[in-house]
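As structure tokens, the structure follows; a few thoughts come after it.
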């Protein structure tokens, strides 16, 4: 029995191509549906910081076969364009941390004690059981982005705030 004996007939080739295109289309639909963006709070609730590049989500899809996880990643990712993310600045920020856990984060303590005054638009908020994170604010003082900073060094916090937070405004 020859399975592909009729492959040389044009009608068969067209039918096989249409069938292959349909399979590829259906397989890519979850990725296309996932292009809707979630708010930064929704992404944080899902475990995404909003700092993942979309190319990272595609790499994740190669190793993880959970389509829902990949779709959530794509809803929370940032396009890989350097221009898009490097030019975004925020009017202010709130550094949230649990006072009881602060002892475990000497770099953050050092920033709060020695560097925080350089940033009048950055406020410190002590929230019980909160992991250390920066909440970035827009011109109206609304929450725009949230970034965990558990393992950041003081110089990384300084550089990030210098690049992303406008120094002139105070909230």
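The values are calculated or read from the model by the stated rules, or taken from the named source; none is laboratory data. What you are looking at is a predicted structure, and each value in this text was computed from that prediction instead of being measured. Every residue, glycine as well, gets a Cβ built from its backbone with ideal geometry; the counts of neighbours run over all protein chains shown.
Looking only at the range 147-167, count how many residues are assigned to a loop (DSSP other than H, G, I, E, B) and free of Cβ contacts under 8 Å to residues at least 40 places away in the same chain.
Adding up the residues that qualify gives 1.
Of the residues in the range 42-87, how many are at pLDDT 80 or above, part of a loop (DSSP other than H, G, I, E, B) and over 14 Å from the mean Cα position of the chain (by Cα)?
The total comes to 3.
Could you grab the pairs with beta carbons closer than 6 Å, sequence gap of 6+ or different chains, first residue in the range 82-104 and under 15 Å from residue 123 (Cβ atoms), second one assigned to a helix (DSSP H, G or I) and at pLDDT below 95?
These pairs meet every condition: 90/164.
Any residue at all in the range 98-107 that's part of a loop (DSSP other than H, G, I, E, B) and modelled with pLDDT under 90? Working first, answer last.
We begin by selecting, within the range 98-107, every residue part of a loop (DSSP other than H, G, I, E, B); these are 98-101, 105.
Retained after the next criterion (residues that are modelled with pLDDT under 90): none.
No, that holds for no residue.
In the range 105-146, what residues are in contact (Cβ under 8 Å) with a residue 12 or more places away in the chain, closer than 11 Å to residue 90 by Cβ and either surrounded by 15 or more Cβ atoms within 10 Å (Cβ to Cβ) or out of contact with any helix residue (DSSP H, G or I) (no Cβ under 8 Å at 6 or more places or on another chain) (or both)?
121, 122, 134, 135, 136, 137, 138, 139, 141, 144, 145
Mind counting the residues in the range 126-146 that are in contact with a strand residue (DSSP E or B) (Cβ under 8 Å, 6 or more places away or on another chain) and outside any strand (DSSP E or B)?
Result for the range 126-146: 6.
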